[in-house]
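Below is one structure; the comments refer to it alone.
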Amino acid sequence: MRITSKFKIDLGILLCIILFAVVSVITIKSAESLLVSNDNLMIKQIIWYIVGFVLIGILLFIGNKFLLKNAWFFYIIGIILLVLVLFFGATINEAKCWFKIPGIGNFQPSEFMKIILIIVLGRVINDFKEKIESPTLFDEFKFLIKVCIIVGIPSVLTFLQPDTGVVLIYLLITIIMLFISGIRYRWFIILFGIIGVIIAFILITYFVNNDLFIKIFGSSFFLRIDRLLDWSNGSGFQLENGITAIGSGGIIGYGINNTPIYFPEPQTDFIFAVFANNFGFIGSILLLGLIAFFDLKLIKLAIESPININKYVISGIIGMLIYQQLQNIGMTIGLMPITGITLPFISYGGSSLLSYMIMAGIIFNISNENIRYRN
């Protein structure tokens with residue numbers, strides 16, 4: 001069912017986003033009770049959602065062609081911001097990922113770099129497929145080198161902040177979009193082989209010689225490995241209390257604005273633990289059902305899209321969203337390592353929420369193009 005107007009909005013997707021907004025605001029209000037300082041996060045999240053819906057309206061007006069046409073301009077701006085944040089960014093939790101904007105809050109360039117990469121890679125992949133109908137191995141090799149450079153530059157800059165979680169998202173977006181592009185599968189075998197060798201080298205060095213590890217990778221990366229081991233051992237104050245909060249919620253939870261168990265970052269990384277504690281098992285199942293319905297709508301949209309570049313773009317968005325959903329909820333219940341990945345549309349954060357709302361605008365435009373193509 002769709003609204004019949006100049007801009008045909010998919011009601012199913014729109015309803016999901018509105019429900020996400022309600023869940024987000026209510027849960028952030030509950031999370032505020034666990035914070036030492038109350039910065040009116042709920043009010044700020046409401047404002048960010050309003051700004052986000054305005055951005056969706058703007059994107060519906062200008063269309064995706066504008067974004068794709070100016071993809072390289074956005075990429076250059078994104079790289080410049082990632083460089084500047086290393087020198088002038090505010091340090092929060094030992095990471096320099098944000099610009100502090102007085103009166104507004106923090107701005108995180110890497111969140112928007114995810115969108116930029118999806119747009120740029122969509123254009124690059126589409127240009128390659130249209131230019132060469134039957135690419136040889138060498139053609140694909142040159143193409144992959146270009147992709148590696150495009151993704152490698154922001155990945156290195158983001159890793160230096162450090163923000164390993166976002167780097168993983170960059171790489172996942174790239175792998176999924178390349179897979180959808182239809183290049184030879186042998187490249188993925190080679191890629192995973194290289195990744196396996198790198199991971200093995202890192203782990204062997206870590207366990208055999210800590211001093212050598214720190215000398216090669218630095219103390220910051222050493223601490224990140226320690227954090228992963230805390231997860232694999234099931235230890236860590238945040239994880240243990242988060243799991244306790246989820247379990248203690250029982251069937252129906254403690255209710256809104258009532259979270260008796262403390263754990264760090266309840267408004268961002270561990271937002272699902274707050275929700276599960278407030279609304280219990282039933283509420284958690286309903287939220288997971290809403291997320292699954294939203295994802296299935298996007299997958300259906302991708303399958304039905306007759307325009308290749310739209311398939312590439314939306315596949316990158318879907319891959320990113322599903323990974324972040326699985327990672328965030330998984331790390332909250334101890335199934336995944338804690339990497340600081342937020343829950344899309346739910347966790348607090350101006351930069352992250354606005355980036356998701358921009359993606360929603362792109363999704364609505366793709367839906368509109370599908371309808372026009374069929375008609």
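The values are calculated or read from the model by the stated rules, or taken from the named source; none is laboratory data. All figures in this text were calculated on a predicted structure; none of them were measured in a lab. No Cβ is skipped: glycine too gets one built from the backbone with ideal geometry, and neighbour counts run over all protein chains shown. Note: accessible area is taken over every heavy atom of the protein model, side chains too, but ligands, DNA and RNA are not part of it. Shrake-Rupley method; radii C 1.70, N 1.55, O 1.52, S 1.80 Å.
Surface composition of the chain: carbon plus sulfur atoms contribute 71% of the solvent-accessible area (1.4 Å probe, protein chains only, all chains present).
All C-alpha to C-alpha distances of region 289-375, sorted into 10 Å bins beginning at zero, yield P(r) values of 16, 45, 29, 9, 1 percent in whole numbers. The GNM of the chain, with springs linking C-alpha atoms under 10 angstrom apart, assigns the highest mean-square fluctuation among 303, 329, 358 to 303. Among residues other than residue 182 with Cβ under 12 Å from its Cβ, the summed charge is +1 (Lys and Arg +1, Asp and Glu -1).
In units of the compact-protein estimate 2.2 N^0.38 Å, region 5-138 shows a Cα radius of gyration of 1.36. For residue 129, the aspartates and glutamates whose Cα falls under 15 Å of its own Cα, not counting residues fewer than eight places away in the same chain, are 139, 140. Normalised per residue, the accessible area of the chain is 48 Å², obtained with a 1.4 Å probe and no contribution from ligands, DNA or RNA.
Summary of the geometry: region 319-367 and region 55-83, compared by the centres of their Cα atoms, lie 20 Å apart. Relative to the compact-globule estimate of 2.2 N^0.38 Å, the Cα radius of gyration of the chain comes out at 1.01. For a test of the definition: using alpha carbon positions, the gyration tensor, and the 1.5 limit on a/c, classify region 94-168 as rounded, prolate or oblate. The shape class here is prolate. Screening the chain for whole DSSP H helices of 24 Å or more along their axis (Cα) with average Kyte-Doolittle hydropathy at least 1.6 returns 11-31, 41-62, 71-88, 137-159, 164-181, 186-208, 271-304. Within the same chain, aspartates and glutamates fewer than 8 places from residue 44 are excluded, and of the rest, those with a Cα less than 15 Å from its Cα are 32. Along the axis of the charge dipole computed for the chain (Cβ charges of +1 for Lys and Arg, -1 for Asp and Glu, origin at the Cα centre), the listed residues 57, 192, 346 are led at the positive end by 57.
Please build a GNM for the chain, connecting alpha carbons under 10 Å apart, and tell me which residue among 128, 294, 87 fluctuates the most. Looking only at 128, 294, 87, the biggest GNM fluctuation is shown by 87. In summary, the aspartates and glutamates within cross-link reach of residue 142, defined as a Cα separation below 16 angstrom excluding same-chain residues under 8 places away, comprise 127, 130, 133.
Under a model in which nothing but the beta-carbon of Lys, Arg (+1) and Asp, Glu (-1) is charged, region 97-227 shows a dipole of about 40 debye around its Cα centre.
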